[in-house]
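In what follows, a structure is listed as structure tokens, so that the remarks can point back to it.
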Amino acid sequence: MIVLDTSGYSCPEPVIMTKKALRDNKEGLCVIVDNRAAKENVARYAAAVGYNVETEAEGNGWKLTISK
Amino acid sequence: MEEVRLTQLVRSSGCNAKLPPGELHKALDGLPSLHSDMLIEGFESSDDALVYDLGDGRVLIETVDFFPPMVDDPEIFGEIAAANAISDIYAMGGNPSIAMSLMCFPSCLDISVMRRIMTGAIAKAGEAGVVIAGGHTLSDREPKFGLAVTGFADKERIWTNGGVRPGDAAVLTKKLGTGVMMTAHKAGECDASEAIAQMRTLNREAKEAAEGLCVHGATDVTGFSLMGHSYEAASASGVTIMIEAERVVFLPGAEKFSRLGFLPEGRYTNEDYLSEKVSISEGLPLPLRDLLFSPETSGGLLLFMPPEDADEYLRRFPSAFIIGHAEDRREHPVIVI
């Protein structure tokens with residue numbers, strides 16, 4: 001599963017990056033986020049377009065595992 | 001000359017750029033407040049503006065508001081910043097008269113961009129009958145613009161956020177969702193034309209439509225969200241404000257983009273501050289909950305008046321809508337059902 005690192009980006013950028021990455025990786029991907037708004041917003045986006053989302057703390061942020 | 005895209009120069013925009021309310025209280029709570037016998041509304045009351053008694057039956061109302069751009073067009077940004085700043089005077093029931101501009105401007109931008117921001121601001125101020133009579137300009141990495149506005153009112157007729165009475169209807173004069181729509185717009189997901197048109201609209205007609213009606217309390221809905229500004233009014237008035245979520249009108253597309261996660265960062269810091277103060281029905285869908293906590297820019301007036309006056313107000317200003325009412329104080333200052 002590929003990893004998309006959105007660290008350093010503020011919303012809506014992490015959602016845009018996730019949207020683009022899901023276009024090429026339809027089975028899912030891992031997204032690293034480093035702020036709460038990005039964590040919540042990426043999770044909302046993935047859920048709204050039909051994916052399951054698991055969130056775990058990692059380093060100074062979170063890892064979101066987005067899968068079908 | 002290459003067309004400038006103002007929103008690409010800033011990290012946050014509009015009223016979403018406000019410091020989170022919890023942080024603001026940490027910085028300011030407990031500081032000594034200098035006293036003036038003539039100051040009716042000041043630092044302590046969390047109201048929209050200061051109110052100073054002129055001693056002749058009139059009061060002076062003063063407010064300041066400035067923020068980074070939420071649209072790319074400099075002239076429209078100037079209009080929105082002016083409409084947003086002037087709104088605080090209307091929210092106090094006053095007539096805005098004079099203003100000074102606050103401009104932060106990056107050296108990398110062509111100076112004509114500043115002129116276009118001012119052109120928009122002067123046009124909008126003129127529409128409100130306000131004269132911009134000076135200002136201050138700084139060189140800064142990110143552009144920001146706004147106004148310090150002075151208005152006047154009869155002392156007996158000012159509206160504060162502390163006068164809400166049980167039984168009052170809560171009337172909102174603009175749709176919710178500007179923060180979400182502008183976040184989606186920044187992401188290239190929509191043109192947000194209705195949100196932009198709404199942000200450019202003065203609250204002048206909304207204020208003047210209440211002429212002769214009984215307004216017990218008022219505020220406007222901006223960066224602290226509908227929940228935050230309702231809480232401030234409920235808290236200052238010692239009442240509970242009941243909001244019926246299904247009566248709140250949202251901008252077209254706002255629910256969709258909320259569901260897709262195009263939410264401004266302030267949505268989360270607002271709820272951090274308000275979580276103990278606001279009770280929201282567990283059945284309320286998440287996209288609506290998100291919208292209720294999302295910052296608004298140049299939002300509508302939130303007026304509290306007896307139900308019969310509210311009915312007359314809606315006849316005069318049909319784009320407004322009732323979102324709930326005030327009751328005797330319960331455990332939570334704001335309840336959403």
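Brief remarks on what is shown
- Yes/no for B:Ala236 being surrounded by fewer than 24 Cβ atoms within 10 Å (Cβ to Cβ) and more than 18 Å from the chain's Cα centre (by Cα): no
- Counting only strands (runs of 3 or more DSSP E) that sit wholly inside chain A, those with at least 3 residues that are within 8 Å of the chain's Cα centre (by Cα) and of a type in the set (Val, Ile, Thr) are A:28-33.
- Residues that are within 10 Å of another protein chain (Cβ to nearest Cβ) and either in contact with a Leu (Cβ under 6 Å, 6 or more places away or on another chain) or crowded, with 18+ Cβ neighbours inside 10 Å (or both) within the range A:18-43 comprise A:Thr18, A:Lys19, A:Asn35, A:Ala37, A:Ala38, A:Lys39, A:Glu40, A:Asn41, A:Val42, A:Ala43, listed in sequence order.
- Qualifying residue in the range B:303-315 (condition: of a type in the set (D, E, K, R), within 20 Å of the chain's Cα centre (by Cα) and within 22 Å of B:Gln198 (Cα to Cα)): no
- Selection within the range B:127-167 - in a strand (DSSP E or B), of a type outside the set (Ser, Thr, Tyr) and over 19 Å from B:Leu202 (Cα atoms): B:Ala133, B:Gly134, B:Gly135, B:His136, B:Leu138, B:Lys144, B:Asp154
- Counting only helices (runs of 4 or more DSSP H) that sit wholly inside the range B:193-296, those with at least 2 residues that are charged (D, E, K, R), more than 14 Å from chain A (Cβ to nearest Cβ) and within 25 Å of B:Glu79 (Cα to Cα) are B:193-200, B:204-208.
- Looking only at residues in the range A:26-68 that are of a type in the set (Gly, Ala, Ser) and touching a helix residue (DSSP H, G or I) at 6+ places or on another chain (Cβ under 6 Å), the one that is nearest to B:Pro264 (Cα to Cα) is A:Ala37.
- Restricting attention to the range B:161-184 and to residues that are farther than 16 Å from B:Gly300 by Cβ and surrounded by fewer than 24 Cβ atoms within 10 Å (Cβ to Cβ), the residue that is nearest to the other protein chains (Cβ to nearest Cβ) turns out to be B:Gly162.
- Count of residues meeting criterion [under 25 Å from B:Ser225 (Cβ atoms) and either modelled with pLDDT under 80 or among the β-branched types (Val, Ile, Thr) (or both)] in the range B:1-14: 6
- Test for B:Thr137: is it without any contact (Cβ under 8 Å) to a residue 60 or more places away in the chain and either touching a helix residue (DSSP H, G or I) at 6+ places or on another chain (Cβ under 6 Å) or among the polar types (S, T, N, Q) (or both): yes
This table checks each residue for (1) surrounded by fewer than 20 Cβ atoms within 10 Å (Cβ to Cβ); (2) under 30 Å from A:Tyr51 (Cα atoms); (3) more than 17 Å from the chain's Cα centre (by Cα); (4) basic (Lys, Arg).
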position	(1), (2), (3), (4)
B:Ala245	yes, yes, yes, no
B:Tyr268	no, yes, yes, no
B:Ile280	no, yes, yes, no
B:Phe293	no, yes, no, no
B:Pro318	yes, no, yes, no
B:Glu327	yes, no, yes, no
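- Filter result (surrounded by 18 or more Cβ atoms within 10 Å (Cβ to Cβ) and not β-branched (Val, Ile, Thr)) within the range A:1-16: A:Leu4, A:Cys11, A:Pro12, A:Pro14
- Residues that are within 11 Å of A:Gly28 (Cβ to Cβ), of a type in the set (D, E, K, R) and within 14 Å of chain B (Cβ to nearest Cβ), drawn from the range A:44-62: none
- Some residue of the range B:191-205 being surrounded by fewer than 24 Cβ atoms within 10 Å (Cβ to Cβ) and modelled with pLDDT under 95: yes
- Hey, B:Leu302 at pLDDT 95 or above, part of a strand (DSSP E or B) and not assigned by TED's automatic domain parsing to the domain that holds B:Leu147 or not: yes
- Each residue in the range B:275-291 was checked for being closer than 18 Å to B:Ala17 by Cα and touching a Phe, Trp or Tyr at 6+ places or on another chain (Cβ under 7 Å), and 1 of them qualify.
- Just one of (1) touching a Phe, Trp or Tyr at 6+ places or on another chain (Cβ under 7 Å); (2) over 25 Å from B:Glu331 (Cβ atoms) fails for B:Glu271. It is (2).
- Residue match in the range B:52-66 (condition: touching a Phe, Trp or Tyr at 6+ places or on another chain (Cβ under 9 Å), in contact (Cβ under 8 Å) with a residue 24 or more places away in the chain, within 16 Å of B:Ser298 (Cβ to Cβ) and not in a helix (DSSP H, G or I)): yes
- So B:Ala17, is it hydrophobic (A, V, I, L, M, F, W, C) and either at pLDDT 85 or above or buried (at least 23 other Cβ atoms within 10 Å of the Cβ) (or both): no
The values are calculated or read from the model by the stated rules, or taken from the named source; none is laboratory data. Everything numeric here is computed off the predicted structure, so don't read it as measured data. Positions of Cβ are generated from backbone atoms using ideal geometry, with glycine treated the same way; all protein chains shown enter the neighbour counts.
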